[in-house]
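Participant: Quick one: this structure, given as structure tokens, is what I'll be asking you about.
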Amino acid sequence: KIPSVGKDTLFVVIANNEKIEIKRLIMGHTKKIVGKKVFEFRSYKIEFKNPKKVTLKLSVQDLIPTSKDGQVELEILESSDAEIDFTHGRLAWSFRLKPNEKKVLEVKYNVTYPKNTTILGIQNVLQLQANIRKTV
């Protein structure tokens, strides 16, 4: 289970003390208030690089905004082929990185919600869990 963390936080779990380079870059953000609704667009990239001399297998999870009462509308525009779990607000990827290989995951979404509402997962929060295993 991924622990709860504050905004602008990067949470990474790396198994077996493997070293991997991970960067998160915010590519775009717009916010408009129209009447009683807020419309936001968010876009970011997560970059991975394997500096090791062996192939690594990664399992990555990231959070997206969720709604328990149906007041939040989420439209995923780009997820880099993630498995999307709208119920729990998660994106998940599994992939292998060869030695010195780079991988970029892009996420873009629109979210609409009532004005004066706080949305968990909207404030540039990345709770990222990366489990890494050596492969042969």
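Read-outs throughout are calculated quantities, based only on the coordinates presented, and are distinct from any laboratory measurement. Predicted, not measured: the structure shown is a model, and the values here were computed from it.
Participant: Pull up all non-local amide H partners of residue 80: gap of 5 or more, or a different chain, and H-to-H distance under 5 Å with H placed in the peptide plane.
Facilitator: Under 5 Å from the amide H of residue 80 lie the amide H atoms of 106, each far enough along the sequence or on another chain.
Participant: Could you calculate the contour length gain from residue 31 to residue 117, that is, 0.36 nm times the residue separation minus the distance between their Cα atoms, to one decimal place in nm?
Facilitator: 29.6 nm
Participant: Moving on to the next point. Convert each backbone phi in region 21-32 into a coupling constant with the Karplus relation 6.51 cos²θ - 1.76 cosθ + 1.60 (shift: θ = phi - 60°), then list the ³J(HN,Hα) values in order as whole Hz, x for Gly and Pro.
Facilitator: So the J values, rounded to whole Hz, are 8, 10, 10, 10, 10, 7, 9, x, 7, 10, 9, 10.
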